[in-house]
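Report on the following structure.
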């Protein structure tokens, strides 16, 4: 299934539809994209606060990596084929953009993100 996002670039909320035209979700614009790795927050998502990570060349949403914004731990199953070196780079990206990711989560969900006491945990 392909996902098509509609909306202008300045919009914070773009609708996503599948190939058959069925509405999938409202998605936030990506918070960051570096070397094809895309970090984004879903506007209609569940707790705990987390970020979705889409890796380059991976199209299926089930292969997204989810990282908890409060603990920096992986949420759910780690998709097959993710190497430790790649995961280290992804965690560094999340850390680098942590403030913007938390702010985006708060904007869409209305709840503050509790940050770890130890800054190195981010």
So the check is Cβ under 6 Å with 6+ separation or different chains; which pairs have a first residue in region 59-83 that's in a loop (DSSP other than H, G, I, E, B) and a second one that's modelled with pLDDT of 90 or more and surrounded by fewer than 16 Cβ atoms within 10 Å (Cβ to Cβ)? none
Right, residue 38: part of a helix (DSSP H, G or I), free of Cβ contacts under 8 Å to residues at least 40 places away in the same chain and either surrounded by fewer than 19 Cβ atoms within 10 Å (Cβ to Cβ) or touching a strand residue (DSSP E or B) at 6+ places or on another chain (Cβ under 6 Å) (or both) or not? no
What number goes with the only condition from (1) at pLDDT 85 or above; (2) more than 13 Å from the chain's Cα centre (by Cα) that residue 19 does not pass? (1)
Checking the structure you have, find out if any residue of region 58-65 is in contact with a strand residue (DSSP E or B) (Cβ under 8 Å, 6 or more places away or on another chain) and modelled with pLDDT of 90 or more. yes
Test for residue 54: is it more than 13 Å from residue 98 (Cβ to Cβ), surrounded by 18 or more Cβ atoms within 10 Å (Cβ to Cβ) and either touching a strand residue (DSSP E or B) at 6+ places or on another chain (Cβ under 8 Å) or at pLDDT below 85 (or both): yes
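The values are calculated or read from the model by the stated rules, or taken from the named source; none is laboratory data. Keep in mind the model is a prediction, meaning the values are calculated, not measured. Heads up, the Cβs are rebuilt from the backbone with ideal geometry, glycines too, and the neighbour counts pull from every protein chain shown.
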